[in-house]
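Have a look at the structure below, then the notes.
What follows is calculated from the coordinates using simple rules that are stated; it is not laboratory data. Remember, predicted model here, so these are calculated numbers, not experimental data. Positions of Cβ are generated from backbone atoms using ideal geometry, with glycine treated the same way; all protein chains shown enter the neighbour counts.
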Amino acid sequence: MGFTTPCFIRKNTPKLRKKLEELGYKKYGNPFQITDDSKLITTLDGEYVPYNVPLDDSFIDCGTNEELFLAIAALRDDTDDSQWFVYPPENSWFICVDDDINYARENIRESVQAAWFHCSHKATVEELIKHFKEKEE
């Protein structure tokens, strides 16, 4: 259980590495190999690799889109925290800030947002790609 979707981004910055660590990723490999010279950051099984590694079709290519990369990297099956949710009828998007969205849903019954909050679902990889590609344009 944990992170579900391997992905990579065609850039490598200390800021991106820090955000991955905030999501719960651990650095992989020898710390002396970690430089800003690498052109990629790759995520896999809860670790991030901030240097060039061989990739196959199982990795989602996020190009240079940081928002898309972080959204896909955040996908997990053991928590809802830091993941995007969408309410399709209004195309409303939000990031969950609780470990379990169902717990949050129980505590928001009187809110104006209750309807869309209760009917939302965790965004899929395909929805995230479409959403963040449209934001790029």
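Points worth noting:
- Cα convex hull of the chain, projected area averaged across orientations, nm²: 9.0
- Violating pairs (Cα-Cα greater than 25 angstrom) within the set LYS27/LYS135; LYS27/LYS130; LYS19/LYS135; LYS18/LYS39; LYS19/LYS122; LYS26/LYS130: LYS27/LYS135; LYS27/LYS130; LYS26/LYS130
- Based on DSSP H segments of at least four residues, each scored -39500 (n - 2.57), the chain has a per-residue ellipticity at 222 nm of -8000 deg cm²/dmol.
- The chain: antiparallel DSSP beta bridges as a percent of all, rounded to 5: 75
- Rounded to the nearest 5, the antiparallel percentage of DSSP beta bridges internal to the range 1-78 is 65%.
- Over 19 Å [Cα-Cα, the range 1-78], rounded percent: 24
- Loop-resident trypsin sites (Lys or Arg not before Pro) (DSSP state other than H, G, I, E or B) in the range 1-83 with no more than 15 further Cβ atoms inside 10 Å of their Cβ: ARG10, LYS39.
- Label sites at LYS130 and ASP56, each approximated as a point 7 angstrom past Cα along Cα to Cβ, lie 2.9 nm apart.
- Put simply, the amide H of GLU47, placed in the peptide plane, has neighbours under 5 Å in LYS26, leaving out anything fewer than 5 places away on its chain.
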